[in-house]
Amino acid sequence: MRIIFRPLVFSLSWCLVLGSWATVLAQSKVNYKVIRNLEPMKENSPTPDFSLPTPDGKKISLKDFRGKIVFLNFWASWCVPCREEMPAMDRLYQEFKGKNFVVLAVAVKDRKQDAINFVKELKLSYPIGLDPEGEVGLLYGAWGLPTTYLIGPKGEGLARAWGPAEWHGPAARNLIKELTEGKR
């Protein structure tokens with residue numbers, strides 16, 4: 001009886017230890033679905049790099065932001081939902097930009113001057129890329145606007161959203177806080 005009892009106790013002990021670790025790991029996962037239309041990527045595959053001109057004529061690349069959580073947003077000046085969500089994105093950027101977080105907004109199939117006027121009117125402070133032919137938008141499957149991707153510090157795709165969201169609400173702010181603290 002004693003011989004059977006020891007392995008049983010040993011096995012139960014390991015189950016408790018492993019079960020505790022599983023609970024810790026499950027709790028450390030980020031719940032992307034706290035944002036209504038945000039879906040986690042099935043595989044955290046590398047996202048395609050790109051380089052685009054900025055409104056002031058410089059170049060900006062996705063790889064410029066390695067080491068940061070990147071909030072990649074595709075938009076256009078004529079997109080009403082984009083106009084509604086972008087000020088909240090700016091508030092999110094202002095809150096987290098010092099914590100390895102950046103918003104990179106790509107104007108898709110928009111005239112340069114229209115995009116510049118839009119950015120000035122809304123007083124947006126995050127980096128802007130211009131994609132007048134929509135090539136980068138197509139590369140990312142941004143069929144409708146706005147489309148948003150969350151990208152990890154190594155360039156891995158974490159989640160994507162089609163359509164607008166409340167990007168400075170409590171759920172979004174907590175999500176970005178968790179991501180900048182290293183949760184995935």
Exercise. Hey, can you tell me all the residues within the range 90-147 that are under 16 Å from the mean Cα position of the chain (by Cα) and among the acidic types (Asp, Glu)?
Key: 90, 95
Quiz item: Which ones in the range 96-122 are more than 23 Å from residue 139 (Cα to Cα), of a type in the set (A, V, I, L, M, F, W, C) and either outside the structural domain of residue 146 (by TED's automatic domain parsing) or free of Cβ contacts under 8 Å to residues at least 40 places away in the same chain (or both)?
Solution: 122
Exercise. Scan the range 27-53 for residues that are within 14 Å of the chain's Cα centre (by Cα) and closer than 14 Å to residue 152 by Cβ and jot them down.
Key: 30, 32, 40, 41, 44, 45, 46, 47
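Results for (1) aliphatic (A, V, I, L, M); (2) under 21 Å from residue 166 (Cβ atoms), shown as yes or no for each residue.
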{"residue": "70", "(1), (2)": "yes, yes"}
{"residue": "76", "(1), (2)": "yes, yes"}
{"residue": "81", "(1), (2)": "no, yes"}
{"residue": "95", "(1), (2)": "no, yes"}
{"residue": "140", "(1), (2)": "no, no"}
{"residue": "148", "(1), (2)": "no, yes"}
Practice problem: Please verify whether the range 142-151 includes one or more residues that are surrounded by fewer than 17 Cβ atoms within 10 Å (Cβ to Cβ), in contact with a Lys or Arg (Cβ under 9 Å, 6 or more places away or on another chain) and either outside the structural domain of residue 95 (by TED's automatic domain parsing) or not polar (S, T, N, Q) (or both). | Solution: no
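The values are calculated or read from the model by the stated rules, or taken from the named source; none is laboratory data. Fair warning: this is a prediction, and the values are worked out from it, not measured in the lab. Positions of Cβ are backbone-derived with ideal geometry, glycine not excepted, and every protein chain shown enters the neighbour counts.
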